[in-house]
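*Asks:* Here's a structure for you.
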């Protein structure tokens, strides 16, 4: 991977692992990638991380549906907050967004946009 792309990737993975909205498994793979940068394990760690990113990034429709569910109300701290999240998701969708825009998903989307440069 070119040095400027590697710098970008390290920056975005740091954002990802620091995001409160990042799940534990993705956070662990992000940390493993950061530890592997510059070693013979870098490519393997990158592939594992990219696979998990593709699995975990939340499509905006999924966010809206989840926020409108009972489980969403529990996760987001009540029905009113869940409705706010759903409305925000609708606004993101109306603006052309394809994914949730939380810090973790935003970092994932930025990484996926440059996937062809990474592998």
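*Asks:* Tell me which residues, restricted to region 49-68, are over 14 Å from the mean Cα position of the chain (by Cα) and loosely packed, with under 14 Cβ neighbours inside 10 Å.
*Replies:* Just the residues of region 49-68 that are over 14 Å from the mean Cα position of the chain (by Cα), to begin with: 61, 64-68.
Of everything in region 49-68, those that are over 14 Å from the mean Cα position of the chain (by Cα) and loosely packed, with under 14 Cβ neighbours inside 10 Å turn out to be 61, 65.
*Asks:* Now a separate question. Could you please give the count of residues in region 59-89 that are touching a helix residue (DSSP H, G or I) at 6+ places or on another chain (Cβ under 6 Å), touching a residue at least 12 places away in the same chain (Cβ under 8 Å) and either in the same structural domain as residue 111 (by TED's automatic domain parsing) or part of a helix (DSSP H, G or I) (or both)? Talk me through it step by step, then tell me what you get.
*Replies:* Here is the first cut: in region 59-89, the ones touching a helix residue (DSSP H, G or I) at 6+ places or on another chain (Cβ under 6 Å) are 60, 63-64, 66-68, 72-73, 76, 79, 82, 85-86, 89.
Now restrict to residues that are touching a residue at least 12 places away in the same chain (Cβ under 8 Å): 60, 63-64, 67-68, 72, 82, 85-86, 89.
Next, only the ones that are either in the same structural domain as residue 111 (by TED's automatic domain parsing) or part of a helix (DSSP H, G or I) (or both) stay: 60, 63-64, 67, 72, 82, 85-86, 89.
Selection size over region 59-89: 9.
*Asks:* Tell me, please, whether a residue that is more than 17 Å from residue 1 (Cα to Cα) and either free of Cβ contacts under 8 Å to residues at least 40 places away in the same chain or assigned to a helix (DSSP H, G or I) (or both) can be found in region 108-116.
*Replies:* Yes, that holds for at least one residue.
*Asks:* When region 28-48 is examined, which residues are found to be outside any helix (DSSP H, G or I) and exposed (fewer than 13 other Cβ atoms within 10 Å of the Cβ)? Talk me through it step by step, then tell me what you get.
*Replies:* So the first thing to find is which residues in region 28-48 are outside any helix (DSSP H, G or I), and the list is 37-41.
Of everything in region 28-48, those that are outside any helix (DSSP H, G or I) and exposed (fewer than 13 other Cβ atoms within 10 Å of the Cβ) turn out to be 38, 39, 40.
*Asks:* Tally time: how many residues in region 42-62 are out of contact with any strand residue (DSSP E or B) (no Cβ under 8 Å at 6 or more places or on another chain) and farther than 23 Å from residue 28 by Cβ?
*Replies:* The initial filter retains those residues of region 42-62 that are out of contact with any strand residue (DSSP E or B) (no Cβ under 8 Å at 6 or more places or on another chain), namely 42-56, 61-62.
Now restrict to residues that are farther than 23 Å from residue 28 by Cβ: 61.
Count: 1.
*Asks:* Further question: Return the pair list, or none, for Cβ contacts closer than 8 Å from residues in region 1-27 that are assigned by TED's automatic domain parsing to the domain that holds residue 44 and surrounded by fewer than 14 Cβ atoms within 10 Å (Cβ to Cβ) to residues that are modelled with pLDDT under 95 and in a helix (DSSP H, G or I), at least 6 apart or on different chains.
*Replies:* Short answer, once both residue conditions are applied: 2/117; 5/117; 5/118.
The values are calculated or read from the model by the stated rules, or taken from the named source; none is laboratory data. Keep in mind the model is a prediction, meaning the values are calculated, not measured. All Cβ positions, even for glycine, are placed from backbone atoms using ideal geometry, and neighbour counts span all protein chains on display.
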